[in-house]
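Peer 1: The structure that follows is given in the form of structure tokens.
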Amino acid sequence: QVQLVESGGGLVQTGGSLKLSCTISGYTADNYALAWFRQTPGTEREFVAAIAWSSGGTVLPGSMGGRFAISRDKTQNMLYLQMNSLKPEDTAVYYCSAGVKGVNGIAELYDYWGQGTQVTVSS
């Protein structure tokens, strides 16, 4: 069983930066993939970034425009999301997730989820 706890969300102005953290506890095998998704009320969860726990290889959708970066610290069991040049449309609850079905952007393929952290970008 894997437990995930996000932190680092908050209120930031347009153009600002935030770094989200996800504390990972429980068993994390090398074949795990970790990912960030975000969601606003009434919408589906949107893929933000994913990383292979073992190799550190990443996948990010082009829609993020190169503003976001995902990383992990295997020694500390931490996952991070660095967000730069934030826009009001980045406002959402951000979730970290973990699974063993490959590094991808499909929410249904991730088995474990955190409770989410709110990010609000003011205009």
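The values are calculated or read from the model by the stated rules, or taken from the named source; none is laboratory data. Everything quoted here is computed from the prediction, not taken from an experiment. Positions of Cβ are backbone-derived with ideal geometry, glycine not excepted, and every protein chain shown enters the neighbour counts. For the accessible areas, the whole protein counts, side chains as well, though only heavy atoms, and no ligand, DNA or RNA atoms are used. Shrake-Rupley method; radii C 1.70, N 1.55, O 1.52, S 1.80 Å.
Peer 1: Give the number of residues within region 92-105 that are open to solvent by 20 Å² or more (accessible area, probe 1.4 Å) and over 15 Å from W53 (Cβ atoms).
Peer 2: Summing the residues that are open to solvent by 20 Å² or more (accessible area, probe 1.4 Å) and over 15 Å from W53 (Cβ atoms) in region 92-105 gives 3.
Peer 1: Only one of E89, E108 is open to solvent by 40 Å² or more (accessible area, probe 1.4 Å), farther than 19 Å from Y32 by Cα, acidic (D, E) and free of Cβ contacts under 8 Å to residues at least 40 places away in the same chain. Can you tell me which?
Peer 2: After applying the criteria, what remains is E89.
Peer 1: Any idea which of T58, T75 is among the β-branched types (V, I, T), open to solvent by 50 Å² or more (accessible area, probe 1.4 Å) and under 25 Å from T91 (Cβ atoms)?
Peer 2: T58
Peer 1: Find the residue count for region 73-109, including only residues that are touching a Ser or Thr at 6+ places or on another chain (Cβ under 9 Å), under 15 Å from V5 (Cα atoms) and among the hydroxyl-bearing types (S, T, Y).
Peer 2: 3
So that you can scan it fast, the table gives a plain yes or no per residue for (1) more than 24 Å from S123 (Cβ to Cβ); (2) modelled with pLDDT of 95 or more; (3) of a type in the set (S, T, Y):
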position	(1), (2), (3)
T23	yes, yes, yes
D30	yes, no, no
G65	no, no, no
T75	yes, no, yes
M78	yes, yes, no
E89	no, yes, no
C96	yes, yes, no
V100	yes, no, no
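Peer 1: Quick one: count up the residues across region 31-68 that are over 13 Å from the mean Cα position of the chain (by Cα) and more than 17 Å from Y80 (Cα to Cα).
Peer 2: Total meeting the criteria: 9.
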